[in-house]
Amino acid sequence: MTDLAAIILAAGQGTRMKSDLHKVLHPIAARPMLMHLMASVDALHPTKKVVVVGSGKEQLEAALAGSAELAVQEPQFGTGHAVQQAQNALAGFDGDVLILYGDVPFVPTAAMQAMVARLNAPDAPVVVVLAFEPEDPTGYGRVIVENGRIIKMVEQKDATEAEKAVKLSNSGLMAVKARDLFPLLGRVTDNNAQKEYYLTDIVNIANADGRICVAVTTEPYTVAGINSRAQLAEMEQAWQQRRRVQAMDDGATLIAPETVWFAWDTQLGRDVLIEPNVFFGPGVGISDNVKIRANSHIEGAIIGEGCEVGPFARLRPGTVLEEKAKIGNFVETKKAHLGKGAKANHLTYLGDATIGAGANIGAGTITCNYDGHFKYQTVIGEGAFIGSNSALIAPVKIGRDAIVAAGSAVSRDVADGELRMVRAEQLVKPGWADRFHDAMRKKKAEKKALDQD
C-alpha cells in the first residue's frame with residue numbers, strides 16, 4: 001500500500017445553521033460530526049491529515065487538538081480552491097489523497113478503502129469519485145458514466161435537461177494521486193454559473209487528456225451532507241435508527257425503540273432490557289442482564305451485570321454500579337461507586353460517594369458533598385443501613401454494618417456496627433392536640449357569627 005493523506009474541507013461559512021458554533025462541530029449522538037469522520041479516517045492510519053478551515057479556525061484548532069494540520073482558505077472561491085490550500089501541507093508527499101468533507105460525517109472506512117483500492121487498480125484511473133443514487137437527485141452534481149468510465153461531471157446549475165435526468169450523483173468525495181491532484185487543480189477555471197473553482201472539473205480535465213476517471217458507489221446515508229438544523233435532526237434520527245437496530249441485533253431488548261437515544265460510544269451487553277424514554281449520554285458501558293427502567297437518563301456510567309436502574313433515575317458521570325446493585329426511582333448519582341448488591345431504591349442523591357457491598361440507602365437520603373467551594377467524600381461501609389431522610393454531611397465515613405437512624409444529620413464518622421441517631425428528643429403533651437382543635441373550632445365559629453352580623 002502507498003502512503004495515504006486525507007484532506008478534509010471545513011471552510012464553509014455554515015450560515016444556514018445560524019450558530020456561533022462551527023457547523024462541523026455540531027454533534028450527532030453526542031459527538032461532533034467532524035469527529036465521526038476523523039475516526040473513520042484514522043482507521044486507515046493516514047500519513048497526513050489536513051483540515052481546510054475558514055472562519056471559526058480557533059474552534060476547529062481546539063477540537064482537533066493537534067491531531068491534524070490546518071490550512072486556511074480565505075477568501076473562499078469554491079471546492080477546487082479549497083483543496084489547493086492543502087498543497088503546502090502536502091509538499092513532498094507522493095501517495096494517495098482522499099478528499100472528504102467535514103459536514104459529511106458518516107463515510108465509512110470501508111468506502112474510503114474502496115476508493116483507494118480502485119485508485120490503485122491495474123487500469124490506473126487518475127480520479128476516483130464516490131457516487132450515489134438518491135431518490136431525488138435535484139441539487140446534486142451528476143456523474144455521467146459510459147462503459148465504466150466517467151465521461152463528464154456536471155453541476156446541477158450547468159446541466160442540460162438530459163443530464164439532469166441522470167440519477168447517479170456526485171458526493172464530492174474523491175481519491176487522487178498527489179502527483180496528479182495539484183497539477184490538475186492548477187488547470188481549473190471559474191468559467192461556470194457560480195464563478196467558482198469546482199473540484200469536479202479535474203475529472204473533465206483528465207478526460208480531455210485521455211486519462212481514465214471512474215466512480216465507486218455507496219448508499220446515500222453515508223454521504224449525506226449537513227447544512228442546517230433540520231438536516232442535523234434528520235441525520236440524528238437516521239443514526240439513532242441504525243443504532244437501535246444494531247442494539248437489538250446484538251441481543252438487547254428495546255420495548256419502544258423509537259424512544260431510546262444512544263450516544264456514539266454506548267456499549268450494551270447481552271440480554272439488556274431498555275424500557276421506553278431512556279437517554280444515554282457519552283461514556284456509558286452496560287454489562288449483561290441489566291434492566292434500565294423507563295424515563296432514565298444515564299451518562300458517563302459503568303453498570304455491572306444484573307443491575308437495575310430506574311424508573312426515573314439519573315446517573316451522572318463517574319457512577320459505577322457493581323454486580324446486582326440497584327438504583328431506583330428518582331435517585332441521582334454523581335461520582336458514586338456502589339458495591340455488589342448495594343441499593344438506593346428511591347428519592348436519593350449520592351454524590352462523591354463510595355458505598356460498600358450490600359449497603360441499603362433509605363428514601364430521602366442525601367450526601368451533602370459541597371460547601372459552596374469544595375467537594376467532599378462520603379464512604380459507606382459494607383452492609384450499612386442508612387435510614388430514610390438522612391443527611392450525610394461530608395467528609396464522613398459510615399462503618400461496616402453500621403445503622404444510621406431515620407431522620408439523622410450525620411457530620412461525624414460512624415464506627416463499624418454502631419447505631420447513630422441524631423434527632424431532637426421528642427416532646428409529648430397528652431391531650432394538647434384535642435384542646436388545640438377545640439379552641440380553633442370555637443374561634444372559627446365566633447368569626448362566622450360576626451361575619452353574618
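The values are calculated or read from the model by the stated rules, or taken from the named source; none is laboratory data. From a predicted model like this one, the values you see are computed outputs, not experimental measurements. Positions of Cβ are backbone-derived with ideal geometry, glycine not excepted, and every protein chain shown enters the neighbour counts. When the accessible area is computed, the model is the full protein with side chains, heavy atoms only, and any ligands, DNA or RNA have been set aside. Shrake-Rupley method; radii C 1.70, N 1.55, O 1.52, S 1.80 Å.
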If N is the residue count of region 97-137, its Cα Rg over 2.2 N^0.38 Å rounds to 1.30
Identify all lysines with a Cα-Cα distance to residue 443 below 27 Å; exclude those on the same chain that are fewer than 8 residues away in sequence.
429
How high is the relative contact order of the chain, in percent, counting Cα pairs under 8 Å that sit 6 or more residues apart?
8 percent
Whichever lysines have a C-alpha closer than 19 Å to that of residue 164, once near sequence neighbours (fewer than 8 apart) are set aside:
152
Quick one: 3J(HN,Hα) in Hz for region 395-409, Karplus 6.51/-1.76/1.60 with θ = phi - 60°, rounded, Gly and Pro as x.
x, 7, 10, 10, x, 4, 6, 6, 10, 9, 5, 3, x, 8, 10
May I ask you to derive the FRET efficiency for residue 167 and residue 444 from their Cβ-Cβ distance with R0 = 60 Å, giving the value to the nearest 0.05?
0.10
Computed from every Cα-Cα pair in region 278-361, P(r) in 5 Å bins starting at 0 and rounded to whole percents is 4, 19, 31, 33, 12, 1
Cα gyration tensor, region 8-75 - rounded (a/c under 1.5), prolate or oblate:
oblate
Once both axes come from the Cα atoms, what is the angle between helix 432-452 and the longest principal axis of the chain, in degrees from 0 to 90, rounded to 10?
80 degrees
How much of the accessible area of the chain, in percent, comes from carbon and sulfur atoms when a 1.4 Å probe is used?
51 percent
I'd like the distance between the alpha-carbon centres of region 182-214 and region 422-453, rounded to an integer number of Å.
94 Å
Taking every alpha carbon pair in region 1-134, what does the distance histogram look like in 5 angstrom bins from 0, in percent?
2, 10, 20, 23, 21, 14, 7, 3, 1, 0
Size of electric dipole in region 184-276: Cβ of Lys, Arg +1 and of Asp, Glu -1, about Cα centre, debye, nearest 20
240 debye
Under the rule of -39500 (n - 2.57) per DSSP H run of 4 or more residues, summed and divided by the residues of the chain, what mean residue ellipticity at 222 nm is obtained, to the nearest 500 deg cm²/dmol?
-6500 deg cm²/dmol
Unit charges at the beta carbon, dipole of region 120-253: most positive-side option, 214, 183, 128:
183
Normalising by the residue count of region 1-56, find the relative contact order in percent from Cα pairs under 8 Å and 6+ residues apart.
59 percent
Place a point 7 Å from Cα of residue 219 in the direction of its Cβ. Which residues in region 108-141 have their backbone N less than 16 Å from it?
108-112, 131-135
Kirkwood Rh, region 292-335, all Cα pairs: how many Å?
9.8 Å
Taking the full set of protein chains and a 1.4 angstrom probe, give the accessible area of residue 346 in square angstrom, rounded to the nearest 10.
80 Å²
Among 274, 137, 36, whose Cα projects farthest towards the positive end of the dipole of the chain, with charges put on the beta-carbon of Lys, Arg (+1) and Asp, Glu (-1)?
274
What do you get when you divide the Cα radius of gyration of region 152-244 by 2.2 N^0.38 Å, with N the number of residues?
1.32
Just need the relative contact order of region 6-140 here, percent rounded to a whole number, with Cα pairs under 8 Å and 6+ apart.
31 percent
Please name which of 381, 78, 404 has its Cα lying farthest along the dipole of the chain towards the positive end, using unit charges on Cβ (Lys, Arg +1; Asp, Glu -1) and the Cα centre as origin.
404
For the table 18/195; 23/167; 23/157; 291/343; 49/157; 334/375, the rows whose alpha-carbon distance is greater than 22 Å are 18/195; 23/167; 23/157; 49/157
Once amide H atoms are built 1.01 Å from N in the peptide plane, which residues 5 or more positions from residue 154, or in another chain, come under 5 Å H to H?
142, 144
Suppose we keep just the alpha-carbon trace of region 72-149; what are its Rg and Dmax in angstrom?
14.8, 42
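Order 67, 296, most accessible first, counting only protein heavy atoms with a 1.4 angstrom probe.
Numbers: 67 60, 296 5 Å².
If we order 67, 296 from most to least accessible, we get 67, 296.
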Radius, Kirkwood style, for region 198-296 when every pair of distinct Cα atoms is counted (Å):
16.4 Å
13 Å beta-carbon shell around residue 366, net charge (K/R +1, D/E -1):
-1
Could you state the principal axis extents of the C-alpha atoms in region 303-407, from the largest down, to the nearest angstrom?
34, 28, 18
Whose amide H sits under 5 Å from the amide H of residue 215, counting only residues 5 or more places off or on another chain, with H placed in the peptide plane?
129, 150
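Largest first, what is the accessible-area ranking of 440, 235, 421 with a 1.4 Å probe?
Result of the area sort, largest leading: 421, 440, 235.
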Can you compute the charge dipole magnitude of region 77-230 about its Cα centre, using +1 on each Lys and Arg Cβ and -1 on each Asp and Glu Cβ, nothing else charged? Give it in debye, rounded to the nearest 20.
180 debye
Total formal charge among the other residues, if their Cβ is under 12 angstrom from that of residue 125, Lys/Arg +1 and Asp/Glu -1
+1
Which lysines have a Cα less than 21 Å from the Cα of residue 48, not counting those fewer than 8 places away in the same chain?
57, 177
With the crude spin-label approximation of a point 7 Å out along Cα→Cβ, what separation in nm comes out for residue 195 versus residue 434?
9.9 nm
Expected vector for region 314-326, Karplus 3J(HN,Hα) from phi with 6.51, -1.76, 1.60 and θ = phi - 60°, integer Hz, x for Gly and Pro, equals 10, 10, 9, x, x, 7, 10, 10, 7, 3, 6, 6, 9
What Rg and what Dmax come out for region 399-452 when only alpha-carbon atoms are used, in angstroms?
22.2, 66
Relative to the compact globular guide of 2.2 N^0.38 Å, what is the alpha carbon radius of gyration of region 352-453, as a ratio?
1.72
Return the long-range amide H neighbours of residue 414 (sequence gap of 5 or more, or a different chain), with a cut-off of under 5 Å between placed amide H atoms.
397, 398, 399
If 48, 23 are ordered by their accessible area, calculated over protein heavy atoms with a 1.4 Å probe, which sequence runs from highest to lowest?
48, 23
For region 116-191, what is the convex hull (Cα atoms) projected area averaged across all directions, in square nanometres?
5.9 nm²
Taking a probe of 1.4 Å and leaving out DNA, RNA and ligands, the chain shows per residue an accessible area in Å² of 49 Å²
About the Cα centre, charge dipole magnitude for the chain (Lys/Arg +1, Asp/Glu -1 at Cβ), debye:
1580 debye
Matching label for the computed P(r) over Cα pairs in 20 Å bins from 0, in percent, out of (i) 20, 38, 28, 12, 1; (ii) 26, 59, 15, 0; (iii) 21, 36, 25, 13, 5, 1, is (iii)
Among the DSSP beta bridges whose two residues both lie in the chain, what percent are antiparallel, rounded to the nearest 5?
20 percent
